[in-house]
1. To the nearest 20 Debye, how big is the dipole of the chain about its Cα centre, given +1 on the beta carbon of each Lys and Arg and -1 on that of each Asp and Glu?
2. Could you bin all the Cα-Cα distances of the stretch 1-56 into 5 Å bins starting at 0 and give me the percent of pairs in each, rounded to whole numbers?
3. Against the longest principal axis of the chain, how steep is helix 123-136, in degrees 0 to 90 to the nearest 10, with axes from Cα atoms?
4. Using Cα positions and a limit of under 18 Å, work out the aspartates and glutamates in reach of Lys152, with same-chain residues fewer than 8 apart set aside.
5. Specify, per residue and in Å³, the volume enclosed by the convex hull of the alpha carbon atoms belonging to the stretch 18-85.
6. Are there any trypsin sites (Lys or Arg not before Pro) in the stretch 45-141 that are in a DSSP loop and have at most 16 other Cβ atoms within 10 Å? List them by number.
7. Can you give me the long-range amide H partners of Glu108? Hydrogens built in the peptide plane at 1.01 Å from N, cutoff under 5 Å, separation of 5 or more residues or another chain.
8. Holding the Cα-Cα limit at 26 Å, pick out from Lys37/Lys148; Lys2/Lys148; Lys2/Lys37; Lys35/Lys127; Lys35/Lys148; Lys2/Lys82 the pairs that are longer than that.
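FYI, it's all coordinate maths here, none of it is from the lab. Because the structure is a prediction, the values reported are computed rather than measured. All Cβ positions, even for glycine, are placed from backbone atoms using ideal geometry, and neighbour counts span all protein chains on display.
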Amino acid sequence: MKEHQYQVSIKWTGNQGEGTAAYKAYSRDYSISAKDKANPILGSSDPSFLGDKTRYNPEDLLVASASSCHMLWYLHLCSVHKIIVVDYEDHAEGIMEETATGTGAFKEIILNPVVTISALEDVEKAKELHHEANNMCFIANSCNFSIKHKAKIVV
């Protein structure tokens, strides 16, 4: 078995002078960076939890991770099967349930990829490969909730 390691740095940038003296006294803003990466990702909490709606929140990033991992496996599998993908776009959705105590968990992620391929005869195989990509996806294999996909293939 081969092991891979990933290291990122998180820096809270939301101290507005009082630190966390009160629940509403600080910003939820932070940045994510990693060695050899060009730009940091600016994050915050979901606006429901006093975050900045213009920044990515952890929930956005989880959905994006599942979507991009699926896409990268799908493109790999299409390449192996000689299916030429000329465009790929996904509008993924995540559903998280929050409990009365304030805890929560994701219930599911739904991927909605629209894939444009070059040959009509490859449509069925292109559809099938989404199932295989889902089985191969590192992120999907790490989640304890379902990741569904409603793929549309366009020629």
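1. Approximately 280 debye in magnitude.
2. 5, 17, 21, 20, 15, 10, 6, 3, 2, 1
3. Helix 123-136 and the main axis of the chain meet at about 40 degrees.
4. Within reach: Asp87, Glu89, Asp90, Glu93, Glu121, Asp122, Glu124, Glu128, Glu132.
5. Dividing the Cα hull volume of the stretch 18-85 by its residue count gives 123 Å³.
6. Lys53, Lys82
7. Ile95
8. Violating the 26 Å limit, Cα to Cα: Lys37/Lys148; Lys2/Lys148; Lys35/Lys127; Lys35/Lys148; Lys2/Lys82.
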